[in-house]
Ligand SMILES: NC(=O)c1ccc[n+]([C@@H]2O[C@H](COP(=O)([O-])OP(=O)(O)OC[C@H]3O[C@@H](n4cnc5c(N)ncnc54)[C@H](O)[C@@H]3O)[C@@H](O)[C@H]2O)c1
Ligand SMILES: O=C(O)[C@H]1O[C@H](OP(=O)(O)OP(=O)(O)OC[C@H]2O[C@@H](n3ccc(=O)[nH]c3=O)[C@H](O)[C@@H]2O)[C@H](O)[C@@H](O)[C@@H]1O
């Protein structure tokens with residue numbers, strides 16, 4: 001329910017605003033819309049090509065108290081003359097639209113670059129020309145590889161945080177060669193960040209850039225063959241969930257040695273809310289949003305997800321829970337990987353006082369409970385239909 005006397009971090013009352021949210025039908029957008037509808041008085045113009053993940057917020061038969069505060073506009077920002085008008089109607093634009101699954105970066109590099117750079121250009125331009133605030137979603141991938149990854153394997157400096165902790169205002173962006181098309185996404189995101197920063201410096205655009213570090217939770221991506229293409233390759237949470245639901249071994253790319261820090265989507269959404277409602281503290285900043293305490297190798301993630309799934313589903317563990325696959329076999333030519341991603345939290349702590357709360361075990365428990373409840377029956381049905389026709 002929208003509360004009456006909501007105040008910002010400086011004790012000032014928060015005025016209701018209208019937000020133009022582009023990519024509102026995706027994973028992050030769906031959680032942000034849910035939060036804005038259930039806990040604030042703000043209005044959302046929700047733009048996307050799809051709305052399946054926010055249908056529960058839009059259906060009139062549910063007679064939600066917020067039904068006059070959310071409006072869905074089905075449009076593709078690549079070619080739609082309504083975009084500028086919608087940005088003008090809002091106080092703030094949040095741009096989430098992007099191709100952001102690694103399986104696409106090396107196999108559809110042109111679509112990836114167009115989506116993450118070219119298609120975002122008009123959004124930045126309209127915000128700048130109409131003096132509208134912009135919160136743009138970039139990625140932790142703009143850091144690329146750590147400095148430490150270039151040191152000799154046995155160098156003691158690899159243990160020194162100066163060589164791996166990622167800082168918004170200091171760390172370089174280190175990508176592989178052009179043949180490693182994996183970096184097409186990170187490079188496009190870096191250039192749009194630079195363009196937004198330049199619009200701020202030269203034309204006074206009020207902007208905030210968000211660099212998410214592996215946000216995960218319910219509604220992330222799709223389960224192949226159930227609510228997405230059978231041959232599709234989603235991000236790791238959905239890949240491993242799919243394997244667990246189908247009782248197949250989890251595939252560890254190049255031995256699962258890469259490291260990631262995972263943050264629960266609900267914790268991360270709190271950070272975005274603080275940015276929305278504290279413009280004076282958020283404008284002009286780039287924020288890492290992640291959980292430095294939840295670091296694991298991908299192999300450890302697979303092992304933990306296996307344990308958690310046994311607990312929430314009541315099913316037994318496979319004799320061979322994981323298998324190794326090469327990145328070339330799994331993603332094709334041109335794949336490369338970030339070795340390690342630990343966010344420095346100094347800036348977000350200082351500006352917004354935000355800290356993540358949820359441990360990796362707890363966030364996997366609630367997420368895999370959701371995956372099991374949502375998909376287990378459908379997966380069983382699909383498997384039995386496939387065996388009946390083969
Ligand atoms: N989830 C994460 O941990 C994470 C990490 C780093 C960066 N990000 C960034 O955050 C943003 C949102 O990520 P997500 O995980 O919610 O992804 P998502 O794929 O679930 O959501 C993106 C949404 O944008 C929409 N979209 C894409 N192109 C569009 C277009 N041309 N016109 C209209 N809508 C379009 C898609 O339909 C989709 O619903 C992306 O910019 C992504 O690069 C996410
Ligand atoms: O989430 C983020 O912060 C960013 O990073 C992700 O990149 P990445 O973490 O590499 O993507 P995942 O698909 O989640 O893969 C994580 C790791 O698991 C591995 N993996 C993935 C899938 C699988 O089945 N097995 C497996 O070992 C990958 O090779 C990679 O090392 C995506 O690029 C973006 O969504 C986003 O910008």
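Structure notes:
- Distance between the modelled labels on residue 226 and residue 131, one decimal in nanometres: 5.0 nm (7 Å Cα→Cβ projection).
- The chain - mean residue ellipticity at 222 nm from DSSP helices (-39,500 (n - 2.57) per run, n ≥ 4, rounded to 500): -11500 deg cm²/dmol
- Once the chain from residue 297 to residue 15 is taken as fully extended at 0.36 nm per residue, the excess over their C-alpha distance is 97.2 nm.
- Percent of Cα-Cα distances greater than 33 Å, calculated over region 98-381: 24 percent
- Residues 318, 166, 352 in ascending order of nearby Cβ atoms (within 10 Å, fewest first): 318, 352, 166.
- With neighbour counts taken as other beta-carbon atoms within 10 Å, the residues 319, 365 rank, fewest first, as 319, 365.
- When each of 115, 387 is scored by the number of other beta-carbon atoms lying within 10 Å, the sequence from fewest to most is 387, 115.
- Alpha-carbon centroid distance for the pair region 230-263 / region 89-120, whole angstrom: 23 Å
- Most mobile listed residue (301, 191, 45) in the chain, GNM with C-alpha springs under 10 Å: 191
- Taking every DSSP bridge with both residues inside region 1-91, close to 10 percent are antiparallel.
No value in this document is a laboratory result; all are computed from the given coordinates. Computed from a predicted model, the values in this text were never measured in an experiment. Glycine also receives a Cβ, built like all others from the backbone with ideal geometry; neighbour counts cover every protein chain displayed.
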